Amino acid sequence: MIRIAILADTAARARAVADLLAEDERLDIIEARAFTGRPQDVRADVIVAAGLQPASISQYRVPVVLISGARSGFTPPVHAFLPLAAPASEISAAIYAAASDLTVLTPEQVIRWHPFSQARVDDETPVEELTARELQVLRMLADGDGNKEIAATLGISEHTVKFHVAQILAKLNAGTRTEAVSLGIRRGLLPI
């Protein structure tokens, strides 16, 4: 279970975000309050900061999921920067990623901050459908399994695993295994 603290520009917004996330049984909301501007001790795994500016939460040492209309870039400890209208599923996914010390970017943010990668984040690009076996391998990649582990679990050779990985990368237009997993999550091929 991930312990989260919700800090917002108003108490009403803090309650609204808490209500939005209350359905997720994997999240333990330990506090939801208006942010006073003064650093306070927060004993959470992840902070969800709603309606705040990135600079206002820079004193915290735990990962932050920022839900804001601000347009500035990432500053530590922000791990995810979502728009105010983000649905609960996106906020939850960002919390899980932040708790694993991962950074979450929306496709628009990737394009804005890394224009060279525009072709890779276009979810409208047609993608060849993955086979059932390729989906199994992709799920195992998402779990962090290496080729040997995948081969042993599926009862196939490492050579066959390498072939499946190559097919997955090609079909998703990904350059690395990590990028394939990221694209798989974004396209709904992997559960979050």
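Before moving on, here are some points about what is shown:
- The chain: angle of helix 132-142 to the longest principal axis, Cα-based, in degrees nearest 10: 50
- Rounded, prolate or oblate (a/c below 1.5 giving rounded, otherwise prolate when a/b exceeds b/c) for the chain by Cα gyration tensor: prolate
- CD proxy at 222 nm, helix term only [per DSSP H run n ≥ 4: -39500 (n - 2.57); per residue of the chain; nearest 500]: -12000 deg cm²/dmol
- The listed peptides 78-84, 133-139, ordered by packing as a protection proxy, come out as 78-84, 133-139 (highest mean of other Cβ atoms within 10 Å first).
- Gain on full stretching of the segment that runs from Ile30 to Arg3 - 0.36 nm per residue minus C-alpha separation: 9.1 nm
- The overall shape of segment 2-104, judged from the alpha-carbon gyration tensor, is rounded, with an a/c ratio under 1.5.
- Computed from Cα positions, the angle between helix 88-99 and the longest principal axis of the chain comes to roughly 80 degrees.
- Set of segment 32-62 residues, backbone N closer than 13 Å to the point 7 Å along the Cα-Cβ line of Asp101: 62
- FRET efficiency, 1/(1 + (r/R0)^6) with R0 22 Å, evaluated for Ser89 and Lys162 via beta carbons: 0.10
- Taking Cα atoms only, the orientation of helix 11-21 departs from the longest principal axis of the chain by about 20 degrees.
- Peptides ranked, highest mean first, by Cβ atoms within 10 Å: ranges 176-188, 25-37: 176-188, 25-37
- Gain on full stretching of the segment that runs from Glu129 to Asn173 - 0.36 nm per residue minus C-alpha separation: 14.6 nm
Read-outs: derived from the displayed coordinates by stated rules, not from any lab. Predicted model only: the values in this text are computed from it and were never measured. With ideal geometry, Cβ positions are generated from the backbone for all residues, glycine too; neighbour counts draw on all protein chains shown.
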